[in-house]
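A.B. asks: What follows is a single structure, and I will ask about it in a moment.
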Amino acid sequence: MPAISQRTPIVGAASLLFGLLAAMFLAAHATGRSGEVLLAGWLALGGLLFFSWFAVRRDILSATCIWFGTLIILHEEFWRMQTPGFFAITIPRVGIVVVGALFAVMVVLGRIRLRWPGAVGLWLATLVAYFTISAFLSGFETRSELTVHYRLIGGYLFPVATFAFMLHGFQREADFRRVAMFFAALSVYLVFTGWCEQFHIKGLIWPAFIADPSVGIHYGRVRGPFVSSPQMGLALVFCFFSNLVLAKNSARWHWPLVGVNALMLPVIFWTRTRSVWLSFVLCLVVWTWYSRRRMSRVVIVATLMAAALVVTVGNMENFRGEDRTKGGLTDVGPIMLRIGLAQMSWEMVKDHPIFGVG
């Protein structure tokens, strides 16, 4: 009975909307409207049907993972439609609105019980409120196409919304495994793409914009769908250790995950980004330190030191150079640039100490 009562409101509302849409399209057809309008209408009808089914039968965790996949792969470089408003329409932006609508419907149906994340929630709410006030009061104008309000929405409001979705998506221990499996699947895609990039197999690289030198930055390094080698590298590092956790707790997928991680190591190196290498080493130290068996610590450390020695000796000439595409470590230009940006930011903070400049 509870399940039936939960389905009744949304099924009734969906049936009414289906009837209205069908009548509207029949009328449009009778008056000779274009086929494109009818096609768009029936697609909308199918989307509404799928939305209704998902709200009743699936969960917000699955929806959030699907949206996260579009955010990584099908972002604005894949497709965008410019609008008169202050930002373009993209698949991830439409997706997060749909996920938000799903979340609201599931709350109304009683499938999700709202939870407050305690001190973390208070901190996030305070941070978002502060940045929102800063964006609206500062009057800051930028030369970039990315306005302050765009950065506020994409950089802070969307991540906080995603945090809320994931918070309510985790209901049992198996949900953690589902998320780990999602990142394992993502790591397979990223590793495959990275190998194809390194050996210039452009026919197998998807989406095609990854192999386009005019899109993104760091062309010549492995940069994946992020079209940025640091972002690609940090995503790989996260997936690497997520796979280790999953492999440790899954006998069935243990060796396949170990194999994926083995193939991932060269891809991490091919990002040719010092911050990525450093983050990988630091995470590896933490992982090794918390390893349960002392002998496994010794074996892991010895193996890694040997591998690092081989890589260093084999690439010594490249490491000593300044060409970042070959792994050069002596190029201090980017470091000095970041120091200069930090100094400029500090001067801006001193001029606007309370709400900053947006």
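A.B. asks: What residues have an amide H closer than 5 Å to that of Thr271, excluding those fewer than 5 places away on the same chain, when H is modeled at 1.01 Å from N in the peptide plane?
C.D. replies: Here Val222 satisfy the definition.
A.B. asks: Sticking with this one: Return the long-range amide H neighbours of Ile112 (sequence gap of 5 or more, or a different chain), with a cut-off of under 5 Å between placed amide H atoms.
C.D. replies: Val107
A.B. asks: Which ordering of Glu347, Glu76 is given by a fewest-first count of other beta-carbon atoms within 10 Å?
C.D. replies: Starting with the residue having the fewest Cβ neighbours, the order is Glu347, Glu76.
Every read-out reported here was derived from the displayed coordinates using simple, explicitly stated rules and does not represent laboratory data. Not measured: the values here are computed from a predicted model. With ideal geometry, Cβ positions are generated from the backbone for all residues, glycine too; neighbour counts draw on all protein chains shown.
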